[in-house]
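A.B. asks: This is the structure, below, for whatever I ask next.
The values are calculated or read from the model by the stated rules, or taken from the named source; none is laboratory data. All of these numbers come straight from a predicted model, not from anything done at the bench. Ideal geometry is used to build each Cβ from the backbone, glycine not excepted, and the neighbour counts take in all protein chains shown. Ligands, DNA and RNA are excluded from the accessible area calculation, which covers all protein heavy atoms including side chains. Shrake-Rupley method; radii C 1.70, N 1.55, O 1.52, S 1.80 Å.
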Amino acid sequence: MYATAWGYAYRLRDNHLQLFEMAGLLHEIGKIGIPDRVLQKPDRLSAQEYSMMELQPQVGAEILKAAGASPILINTIGIIGQDFSVLQNPQAPDVWAMAARLIRVIDAYDSMTSRSVYRDPKSTEEAIGELLRNAGSQFDPKLARSFAQLVLKPNTEIEERVQKYWSQKFPSIAKRYCFRFNIHELHASFDSS
């Protein structure tokens, strides 16, 4: 839903918006190949377990390739795990590279503000601060700043468009998670489910 809101705020074309949404929905599909004992481990991961987790984007890309997904979506999923500072060409105009960089920002924010087996959630402000501190190394600085602005200064018109869009396109997801879409309340609906 964050990818949709960002896409509306920055007036993405429909086909680009669809890529951002699909990447957001499928970016962790590679976790299918990671044992639950690793995914749900309450302690620090060992070096071997961490290596498994780092392979998740590439495994996801292979799963999508085998399923016949578009090459653009496969490329997007395959590079989501890369830090901004190590991308070969972080200024590339390719929409899939930008989608991967944005999903990396959104995923980090979602991870920090959601409850997990190993830590309590951070506040919105703490998570945004972390994103901005790591802008330029882990995250695309322009995308981190624009996402922070989207989250910290909600736009009622955009929130209403996102709710309507998701209610029409993904009714079962929307019914459960965005009956009242509000960027500040979104995590409360996930935590209570």
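A.B. asks: Can you tell me which residue within the range 26-50, out of those that are in a loop (DSSP other than H, G, I, E, B) and within 14 Å of the chain's Cα centre (by Cα), is surrounded by the most Cβ atoms within 10 Å (Cβ to Cβ)? I'd like the intermediate steps shown before the answer.
C.D. replies: Within the range 26-50, the subset in a loop (DSSP other than H, G, I, E, B) is 27-28, 34-35, 40-46.
Now narrow it down to the ones that are within 14 Å of the chain's Cα centre (by Cα): 27-28.
Details: His27: 24, Glu28: 17.
Per the criteria, the residue is His27.
A.B. asks: In the range 74-87, how many are assigned to a loop (DSSP other than H, G, I, E, B) and either open to solvent by less than 30 Å² (accessible area, probe 1.4 Å) or acidic (Asp, Glu) (or both)? Lay out the reasoning, then the answer.
C.D. replies: Here is the first cut: in the range 74-87, the ones assigned to a loop (DSSP other than H, G, I, E, B) are 80-83, 87.
Among the residues that remain, those that are also either open to solvent by less than 30 Å² (accessible area, probe 1.4 Å) or acidic (Asp, Glu) (or both) are: 80, 83, 87.
So the answer is 3.
A.B. asks: Continuing with this model, one more query. Out of the range 94-118, which residues are assigned to a helix (DSSP H, G or I) and among the charged types (D, E, K, R)? Give the derivation first.
C.D. replies: The first filter runs over the range 94-118 and keeps only residues assigned to a helix (DSSP H, G or I), leaving 95-113.
Correct list: Arg101, Arg104, Asp107, Asp110.
Residue-wise test of (1) touching a Phe, Trp or Tyr at 6+ places or on another chain (Cβ under 7 Å); (2) modelled with pLDDT of 90 or more; (3) under 23 Å from Ala144 (Cα atoms).
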{"site": "Ser51", "(1), (2), (3)": "no, yes, no"}
{"site": "Pro57", "(1), (2), (3)": "no, no, yes"}
{"site": "Ile72", "(1), (2), (3)": "yes, no, yes"}
{"site": "Asn75", "(1), (2), (3)": "yes, no, yes"}
{"site": "Gly81", "(1), (2), (3)": "no, no, yes"}
{"site": "Val86", "(1), (2), (3)": "no, no, yes"}
{"site": "Asn89", "(1), (2), (3)": "no, no, yes"}
{"site": "Ala100", "(1), (2), (3)": "no, no, yes"}
{"site": "Arg104", "(1), (2), (3)": "yes, yes, yes"}
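A.B. asks: Out of all the residues in the range 51-73, which are among the small types (Gly, Ala, Ser), open to solvent by less than 90 Å² (accessible area, probe 1.4 Å) and either in a helix (DSSP H, G or I) or at negative phi (or both)? Outline the logic, then answer.
C.D. replies: Taking the range 51-73 first, the residues among the small types (Gly, Ala, Ser) are 51, 60-61, 66-70.
Now drop any that are not open to solvent by less than 90 Å² (accessible area, probe 1.4 Å), which leaves 51, 60-61, 67-70.
Across the range 51-73, the qualifying residues are Ser51, Gly60, Ala61, Ala67, Ala69, Ser70.
A.B. asks: Can you tell me how many residues within the range 128-143 are buried (at least 19 other Cβ atoms within 10 Å of the Cβ), in a helix (DSSP H, G or I) and at pLDDT below 95?
C.D. replies: Qualifying residue count for the region: 1.
A.B. asks: Mind checking which residues of the range 1-25 are open to solvent by less than 70 Å² (accessible area, probe 1.4 Å), closer than 17 Å to Met98 by Cβ and aliphatic (A, V, I, L, M)?
C.D. replies: Of the residues in the range 1-25, the ones open to solvent by less than 70 Å² (accessible area, probe 1.4 Å) are 1-9, 12, 16-17, 19-21, 23-24.
With the extra rule that they be closer than 17 Å to Met98 by Cβ, the set shrinks to 2-9, 12, 16-17, 19-21, 23-24.
Selection gives Ala3, Ala5, Ala9, Leu12, Leu17, Leu19, Ala23.
A.B. asks: Run down Ile173, Ile183 and say which single residue is modelled with pLDDT under 90, over 13 Å from Tyr2 (Cα atoms), open to solvent by less than 70 Å² (accessible area, probe 1.4 Å) and not acidic (Asp, Glu). Talk me through it step by step, then tell me what you get.
C.D. replies: Details: Ile183 fails: over 13 Å from Tyr2 (Cα atoms).
One residue alone meets the criteria, Ile173.
A.B. asks: Since Arg119 meets every condition but one in (1) under 17 Å from the mean Cα position of the chain (by Cα); (2) at pLDDT below 85; (3) surrounded by fewer than 18 Cβ atoms within 10 Å (Cβ to Cβ), which condition does it not meet?
C.D. replies: (1)
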